[in-house]
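Everything on this sheet refers to the single structure shown next.
Every number in this text was worked out from the coordinates using simple rules, so none of it is lab data. On a predicted model such as this, the values are computed, not experimentally measured, just so you know. With ideal geometry, Cβ positions are generated from the backbone for all residues, glycine too; neighbour counts draw on all protein chains shown.
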């Protein structure tokens, strides 16, 4: 699970997604093991981020089980089974606060670029 989370998080990071958070939710829900949450600055960027994740994952032989929200570009969900990827427009991220809803103390998954962002 963590390898898949890291792989997808790196794709988002390279495309300039903001505020990328990974959460281990395996003990909190049966729908997935992890949630990866990221923000785009515009509907165009939200769509671009989702397209990039989908394209890169397809190149690795992994297609999403399902995807929702692409047309609106405000909150796109890509379901990779053990990982749900949520890509939000800033306003929707602030409104739904999904990471706050699912974060339970120590369930954040460390990402390779977390330390670099903390130094900025």
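Using C-alpha pairs below 8 Å separated by at least 6 residues, the relative contact order for the chain is 28 percent. A simple spin-label model places pseudo-atoms 7 Å from Cα toward Cβ; at residue 114 and residue 70 they are separated by 3.1 nm.
Checking (1) 7.1; (2) 10.9; (3) 7.7 against mean projected area of the Cα convex hull in nm² calculated from these atoms, the matching label is (1). Put in order of Cβ neighbour count within 10 Å, fewest first, the listed residues 32, 58, 43 become 58, 43, 32. DSSP assigns beta bridges within the chain; of those with both partners inside it, close to 65 percent run antiparallel.
Estimated from helices alone, the mean residue ellipticity of the chain at 222 nm is -11500 deg cm²/dmol (sum of -39500 (n - 2.57) over DSSP H runs with n ≥ 4, per residue). Length available on full extension from residue 107 to residue 63: 0.36 nm per residue minus the Cα-Cα distance, which gives 13.2 nm. Here the gap between residue 10 and residue 44, fully extended at 0.36 nm per residue and compared with their Cα-Cα distance, gives a gain of 10.3 nm.
Here the spin labels are modelled as points 7 Å beyond Cα on the Cα-Cβ line, and at residue 28 and residue 90 they lie 2.5 nm apart.
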